[in-house]
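Read-outs throughout are calculated quantities, based only on the coordinates presented, and are distinct from any laboratory measurement. Keep in mind the model is a prediction, meaning the values are calculated, not measured. In this analysis, Cβ positions are derived from the backbone assuming ideal geometry, glycine residues included, and neighbour counts consider all displayed protein chains.
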Amino acid sequence: MKPGAGWLRILALMVLLAASFAMAVDFDRLLNGMSQRFGQAGAQSLRDWQKLLEEAGQFSAPEKLKRVNEFFNRRVRFGEDQQIWGQSDYWATPLETLGKGAGDCEDFTIAKYFTLLNLGVPHEQLRLIYVKARIGGMNSSLNQAHMVLAYYPAPDAEPLVLDNLITEIRPAGRRPDLVPVFSFNSQGIWQGAAEGGAQGPGGTGRLSRWHTLLQRARAEGFE
């Protein structure tokens, strides 16, 4: 999870792919795939996820955020991609994350994003944000790359941050340890976490991963 130069142009292209990716699910197909790949434990995780969607669908947006954030933070253990998938950088589908019961910060964020979309939260109110996370206290100069999900109650509102490191959902102003680098969703891309954005040069590595992720998710049962 090391964002570098070139992400803005890559993500601008990525947006075009994601915009056509509908958030609907075929639970029968998902359940069959989960059972085959991850056994009964995976199938039960999927049923629990389905129950989450059924129950949380009736709640307000803040309660949906709380339920989804707690669901993944409690059920999924943090792990590095090399340990989980045998690869240095792997983007897991939500069902792969549930099936393994493990993921890195990207996997937590992707799973929450997909789930909230399925709960009817609009794309424009959600952004996946790459940040520099300060570790070792406020006076520390040590930073590491990290990814969180942000919810915007209104276009000009302060976002709420969903994080696998801190389960409490806090306004961005109460997360001074996070410095936004860029943010994106299926409709656009922004420098930092504010309105507007600028594209930059770069390669196609991350675009390929996202495109592959969308293809795998469709094959699993997301239509």
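Couple of notes before you dig in:
- Taking amide H as placed 1.01 Å from N in the peptide plane, residue 146 has its amide H under 5 Å from the amide H of 131, 133, each at least 5 places away in sequence or on another chain.
- Charge tally in the Cβ shell below 11 Å around residue 102, where Lys, Arg are +1 and Asp, Glu are -1, residue 102 excluded: -2
- Net +/- balance of residues flanking residue 79 in space, Cβ distance below 10 Å, scoring K and R +1, D and E -1: -2
- Separation of the range 116-183 and the range 65-85, taken as the distance between their Cα centroids, equals 16 angstrom.
- Straightening the chain between residue 141 and residue 89 buys 16.2 nm, computed as 0.36 nm per residue apart minus the Cα-Cα spacing.
- Radius 11 Å from Cβ of residue 180, net charge of other residues (Lys, Arg +1; Asp, Glu -1): +3
- Listed from fewest to most Cβ neighbours within 10 Å, the set 47, 67, 127 follows the order 47, 67, 127.
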